[in-house]
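Following: one structure in C-alpha cells, then a few remarks.
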Amino acid sequence: MKKGILKTLLFYSIGFGIAGISYLTVGHSYIHAPGIHHFILFLTLILGVIWTLINLILFIFKTKTGKLKRILVANSIIILSYFLHMYFNI
C-alpha cells in the first residue's frame, strides 16, 4: 500500500480506537444524550473533512503529487461512506 492511504487509515484507526477505548472505560450511562465516544467520532470526522479540504486546495493550486491524490481518495471514500451510512440509516 502507498504512504497516503496508510496515513489516512492510521488517522481514522487512531480516532476510532480512542472512541472504542473511551466507550469501554466510560461507557454510555445516559442513553438520551450522546456519550463521549460519539463526540470523539464526530471530532475525528470533522478533522478528516478539514484535512481533506486542505489537501484538495494543495492538490489544485500547489502540487499534484500521487501521495496527495491517494490521501484525497481514501478520505473521500471514508467520508462518503459515513454520510451514506447516516442517510440510509443502515
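Laboratory data are not the source of any read-out in this text; all were calculated from the coordinates shown. These figures come from a predicted structure and were not determined experimentally. Note: ideal-geometry Cβ built from the backbone for every residue, glycine included; neighbour counts use all protein chains shown.
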Based on other C-beta atoms within 10 Å, arrange H32, H37, H85 from fewest to most. H32, H85, H37
Residue-wise, which Karplus ³J(HN,Hα) couplings in Hz belong to segment 16-22, taking 6.51 cos²θ - 1.76 cosθ + 1.60, θ = phi - 60°, and x for glycine or proline? 5, x, 5, 5, x, 5, 5
Using +1 at the Cβ of each Lys and Arg and -1 at the Cβ of each Asp and Glu in the chain, identify which of L72, I14, F59 lies farthest towards the dipole's positive end. F59
Taking Cα pairs closer than 8 Å and at least 6 residues apart, the relative contact order of the chain in percent is 34
Could you go through segment 40-57 in sequence order and give the Karplus-derived ³J(HN,Hα) for each residue, using 6.51 cos²θ - 1.76 cosθ + 1.60 with θ = phi - 60°, rounded to whole Hz, and x for Gly and Pro? 5, 5, 5, 5, 4, 5, 5, 5, x, 5, 4, 4, 5, 5, 4, 5, 5, 5
Counting other beta carbons within 10 Å of each residue's own, what order do Y12, Y30 fall into, fewest first? Y30, Y12
Magnitude of the charge dipole, the chain, Cβ model with Lys/Arg +1 and Asp/Glu -1, debye to 20: 640
Mean 1/r over all different Cα pairs, inverted: what Kirkwood radius does segment 1-50 give, in Å? 11.7
Under Karplus coefficients 6.51, -1.76 and 1.60, residue-wise ³J(HN,Hα) of segment 82-88 in Hz, glycine/proline x: 5, 5, 5, 4, 6, 5, 8
